[in-house]
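Just below is one structure, and these are the notes that go with it.
The values are calculated or read from the model by the stated rules, or taken from the named source; none is laboratory data. None of these values were measured; they are calculated from a predicted model. Positions of Cβ are backbone-derived with ideal geometry, glycine not excepted, and every protein chain shown enters the neighbour counts. Remember, those area values only see protein heavy atoms, side chains included, never the ligands or the DNA or RNA. Shrake-Rupley method; radii C 1.70, N 1.55, O 1.52, S 1.80 Å.
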Amino acid sequence: MNADTPSQLKKRIDSIDMMRGIVMLIMLLDHVRERFFFHEQVTDPMTLDSTSTGLFLSRFAAHFCAPTFVFLTGISAWLYSHPKVGPQRSAREFLIKRGLFLIALECTVITFQWMGNYEMIWLQVIWAIGISMLALALLIGLPKLWLAVIGLVIVFGHNLLTPISFSPGDWGYTLWAILHDRGNILANDFIGIRASYPVLPWIGVILLGYVLGPIYSASFAEPKRQQVLIGLGVGCLVLFGLLRGFNLYGETLDWQQADSLVMSLKSIFNLTKYPPSLAFLLVTIGGTLLCLSGLEKVNASYGKALVTIGSAPMFFYIVHLYLLLVLYQLAMTFIGPNYGDVFGFTHIAYVWLVTVVLAVLLYFPTKWFSQYKHQSSQAWIKYF
């Protein structure tokens, strides 16, 4: 097996950053939607009769964000413990510190960004990534085969747990709300805590990402890596087609043939995110693997903006949420509510337009921070 040349290796790392950059922009679109199109909030899965095609596509695109980030976090953990130069290092300490940092960030800075107060702490995607990193740190010493088996059992088997449920006050309710079902895990007169991202499936995803990490080693030839990425990506989509097409397994809501092709396709791709069903993960991870393969062939100079955003994702995440909070407060102050007690755009097209404008504006501070982060010797800066 031939090793990658330095240019191939750099190109490969850029492909991962470009993938992160893409999902960050999709995430921006979804958060603009949540902030300025809240009057047409979507359910999980979506209610097709009341969800326009534009809104459906916007939300479906956002489905790729969390799986991609968690999966790439697993790959990045392997890359951290197997640097391009120097001896191998343990990723356990890094995963524990980073995981705890993300959980603390979710409960403080990010919670305030969403609501502008601390009346409710929302445990969302950053929390799920943090918990997944802690789980990977706990299991990282196991043989790769064991990690693969555990990851596959979780991803393919957690749908079997759907019939299990607990009511508030039941023994096990809090743990189950954290692992598999969304729910309020604390409610009193001072503060509430809600687990919005059940973490069990995401633990499976990060394990599988870590197991796949070796294909990004310097000794793994690019043609072979392409074969693995394409093979796994196509395999995921074919399996999705079989399981979903025949309503066999992996999704709580069966799809139904409709009067039009568009509505039938929307029914097929109307997938459950909380917790992410097997069908949800197959189509999103499959798409991510194929995209990673394609991005390796993209010249870094053409994807420079995506590389920049993808190299400082946490900075982009925090800044964009605060910016959206400020913009919404300004809209409420100077325009006022136009849908009940909220302000919202009159058409989904405005969500896309504002997303493009904000992406351009956010690029410049993200570029500055990315350069600063890579030049800084302060360890905590690397967490962003």
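With respect to the conditions (1) surrounded by 20 or more Cβ atoms within 10 Å (Cβ to Cβ); (2) touching a strand residue (DSSP E or B) at 6+ places or on another chain (Cβ under 9 Å); (3) more than 16 Å from Glu106 (Cα to Cα), Trp127 lacks only one, and its number is (3). Among the residues making up the stretch 44-99, none is modelled with pLDDT under 90, open to solvent by less than 30 Å² (accessible area, probe 1.4 Å) and more than 21 Å from Ile129 (Cα to Cα). Taking the conditions (1) open to solvent by less than 70 Å² (accessible area, probe 1.4 Å); (2) among the hydrophobic types (A, V, I, L, M, F, W, C); (3) over 24 Å from Thr68 (Cβ atoms) in turn, Trp146 satisfies each one other than (1). When Phe220 is tested against the conditions (1) in a helix (DSSP H, G or I); (2) farther than 19 Å from Ile150 by Cα; (3) of a type in the set (Phe, Trp, Tyr), the lone failure is (1). The single residue among Leu289, Leu271 that is crowded, with 19+ Cβ neighbours inside 10 Å, within 24 Å of the chain's Cα centre (by Cα) and not in a helix (DSSP H, G or I) turns out to be Leu271. When you look at Pro201, is it under 30 Å from Ser81 (Cβ atoms) and in contact (Cβ under 8 Å) with a residue 60 or more places away in the chain, yes or no? Criteria met by Pro201. Residues that are under 28 Å from Leu239 (Cα atoms), β-branched (Val, Ile, Thr) and in a helix (DSSP H, G or I) within the stretch 154-176 comprise Ile154, Val155, listed in sequence order.
Only helices (runs of 4 or more DSSP H) whose full extent lies in the stretch 303-379 are considered here, and the ones with at least 3 residues that are of a type outside the set (Gly, Ala, Ser) and open to solvent by 80 Å² or more (accessible area, probe 1.4 Å) are 313-334, 348-375.
It is to be established whether one or more residues within the stretch 160-183 are open to solvent by less than 10 Å² (accessible area, probe 1.4 Å), over 29 Å from Gln88 (Cα atoms) and touching a Leu at 6+ places or on another chain (Cβ under 6 Å).
Restricting attention to the stretch 160-183, the residues satisfying the condition of being open to solvent by less than 10 Å² (accessible area, probe 1.4 Å) are 177, 180, 183.
Narrowing further to those that are over 29 Å from Gln88 (Cα atoms): 177, 180, 183.
Retained after the next criterion (residues that are touching a Leu at 6+ places or on another chain (Cβ under 6 Å)): 180.
Yes, that holds for at least one residue.
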